Amino acid sequence: MAKRTNNAALHAMAERMFVEDGFTAKAVAESLGVTAQTIGRWRKGIGNKSISWDEKRKQFLSAPHNLKKILMQELTEVANGSSSSIDVKALADINKVLTSLSNKVSTQIVYSVFREFDNWMADQDPEIAISFLEWHKQFLLHKAQQES
């Protein structure tokens, strides 16, 4: 049983090294003292029905915080006199869209929260709850117009 736990911990460390730290499969195998074949099986997700490490790496690298990191690295290179090696404008545009999407809450979610709040507020102070209803209605109309 201890060997299985150790193997699971080793597997998790190997995955992190490959996916998040950018190590090659060979470097992971050498660093952790496992065979390249073992890393190959783990990398493909054989036997555990998970997505491959390559797919996880793609997802990790395209996360908004990593796009910002890439943009900052590129900015440093350009500031040091190097030519741009990536389409910075395209990355910045993608990052802008991702940021705007992550900062918005759908009208349906706002409606659900307002409804729950209004029910709670009605128990606390019915008069104040009624005064909030008009503001909630106005805000929901505003959100709906923004989404359309």
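Using the Cβ-Cβ distance between LEU133 and GLN73 with R0 set to 41 Å, the FRET efficiency from 1/(1 + (r/R0)^6) comes to roughly 0.25. Full extension of the chain between GLU147 and SER31 yields a length gain of 36.7 nm, computed as 0.36 nm times the residue separation minus the alpha carbon distance. For the chain, return all DSSP H helices satisfying: extent of Cα atoms along own axis at least 30 Å; mean Kyte-Doolittle hydropathy at least -0.5. Flagged H segments are 126-147.
Pairs over the 31 Å Cα-Cα cut-off, from the set LYS26/LYS68; LYS68/LYS137; LYS56/LYS89: LYS68/LYS137. Just so you know, the Cα atoms of region 107-147 work out to an Rg and Dmax of 10.6, 32 Å.
Put in order of Cβ neighbour count within 10 Å, fewest first, the listed residues SER83, SER31 become SER83, SER31. Can you figure out the FRET efficiency of ARG57 with ALA92, using R₀ = 35 Å and their beta-carbon distance, to the nearest 0.05? According to the calculation, E is roughly 0.95.
Along its first, second and third principal axes, ordered by size, the chain spans 70, 55, 24 Å in Cα coordinates.
Ranking of THR35, THR107 by neighbouring Cβ atoms within 10 Å, starting from the fewest: THR35, THR107.
For LYS44, a cut-off of 13 angstrom between C-alpha atoms picks up these aspartates and glutamates, skipping any fewer than 8 places away in its own chain: GLU15, ASP54, GLU55.
A short reminder: the numbers here are calculations on the coordinates, not readings from a lab. Just so you know, these numbers come straight off a predicted model, no measurement behind them. Quick reminder, even Gly has a Cβ in these numbers, built from the backbone with ideal geometry, and neighbours come from all protein chains shown.
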